[in-house]
Every structure is written in C-alpha cells, then in structure tokens.
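Note sheet for the following structure.
The values are calculated or read from the model by the stated rules, or taken from the named source; none is laboratory data. Computed from a prediction, not measured in an experiment: that's the story for all the values here. Cβ atoms come from the backbone with ideal geometry, glycine included; neighbour counts cover every protein chain shown. Ligands, DNA and RNA are stripped out before the accessible areas are found, and what is left, the full protein with its side chains, is counted by its heavy atoms. Shrake-Rupley method; radii C 1.70, N 1.55, O 1.52, S 1.80 Å.
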Amino acid sequence: MHRHDPRRRRLIRLVVLGAAGAPLLPALIGAARAELPKLEESDPTAAALGYKHDTNAVDQAKYPNHRPDQMCSNCNLIQGAEGEEWRPCAIFPGKLVHANGWCAAWVKKPG
Ligand code: SF4
C-alpha cells in the first residue's frame, strides 16, 4: 500500500477516531442513564398499579396487602445501584422510581 493511498488514510482515521471515542463511552452511557425521567404518580401505568413515591402514601383501602415495610428498595424488580434514591424498575422501563416508593407489582427480594 502506498503511503498516500486514500484507503490507508481512511483506515488510519477510523482507528484514531475509535481510540479517541472509546474512553467517552462510559461517560455517555452514564449521562444517558442520569437523564432518565422520574416516574410520575399520574402516569397511567403508575396510577393503575397504585404507585406512590412514598410507600406510606399508598391507598391501604385499595391495596390491603400493602405493608409499610414494602418499598422499591427491597423489591425484586428494582434495578440500578443499591443506595441510589431514584432507580430504574423493570415494570416502568425508561423511568426512575423512588427507593421509598411502592406499587402493586412489589415482589419481595429473595434473601
Ligand atoms: Fe417499586 Fe417494585 Fe413497583 Fe418497581 S415493581 S415500582 S421497584 S414496588
């Protein structure tokens, strides 16, 4: 391949761009996660499941099986990192639920 072969230059540019961009990936992924909106209690699915940001605010008459020690942070469907205030949940993709929240899909974390 000649030094000024355009294919070679294109290849070098791709390698250089790839190497420069790779360290940014974790930051980009982190930023995308941080931008997830918080679930609104008024969201139709949230309302249908009686979701509240605070487990103590759950309508006990409507959900007699609810207990105040049940909350998103000890639900098996919570995702994300332990200790975070707002975390993703398998039931509400693309939204964040409050660690102290609750909804009717609550399932005890095993263990
Ligand atoms: Fe919270 Fe679990 Fe309901 Fe998700 S499924 S909102 S983590 S109680």
Checked the stretch 81-94 for anything near the ligand (Cβ under 9 Å from one of its atoms) and either open to solvent by 30 Å² or more (accessible area, probe 1.4 Å) or more than 16 Å from the chain's Cα centre (by Cα) (or both); matches are Ala90, Ile91
How about the stretch 35-63: which of its residues are out of contact with any Phe, Trp or Tyr (no Cβ under 6 Å at 6 or more places or on another chain) and assigned to a helix (DSSP H, G or I)?
Pro44, Thr45, Ala46, Ala47, Ala48, Asn56, Ala57
Which of the residues that make up the stretch 36-60 are closer than 17 Å to Glu85 by Cβ and under 19 Å from the mean Cα position of the chain (by Cα)?
Leu36, Pro37, Lys38, Leu39, Glu40, Glu41, Tyr51, Lys52, His53, Asp54
Checking the structure you have, find out if any residue of the stretch 64-80 is modelled with pLDDT under 95, in a loop (DSSP other than H, G, I, E, B) and surrounded by fewer than 10 Cβ atoms within 10 Å (Cβ to Cβ).
no
Could you give me the residue pairs with C-beta distances under 7 Å whose first residue belongs to the stretch 52-75 and is within 12 Å of the ligand (Cβ to nearest atom), whose second residue is in a helix (DSSP H, G or I) and β-branched (Val, Ile, Thr) wherever it lies, and which are 6+ apart or on separate chains?
Gln70/Thr55; Met71/Thr55
Filter the stretch 99-110 down to residues that are surrounded by fewer than 21 Cβ atoms within 10 Å (Cβ to Cβ) and either among the aromatic types (Phe, Trp, Tyr) or more than 8 Å from the ligand (Cβ to nearest atom) (or both) and give me whichever is farthest from Pro37 (Cα to Cα).
Pro110
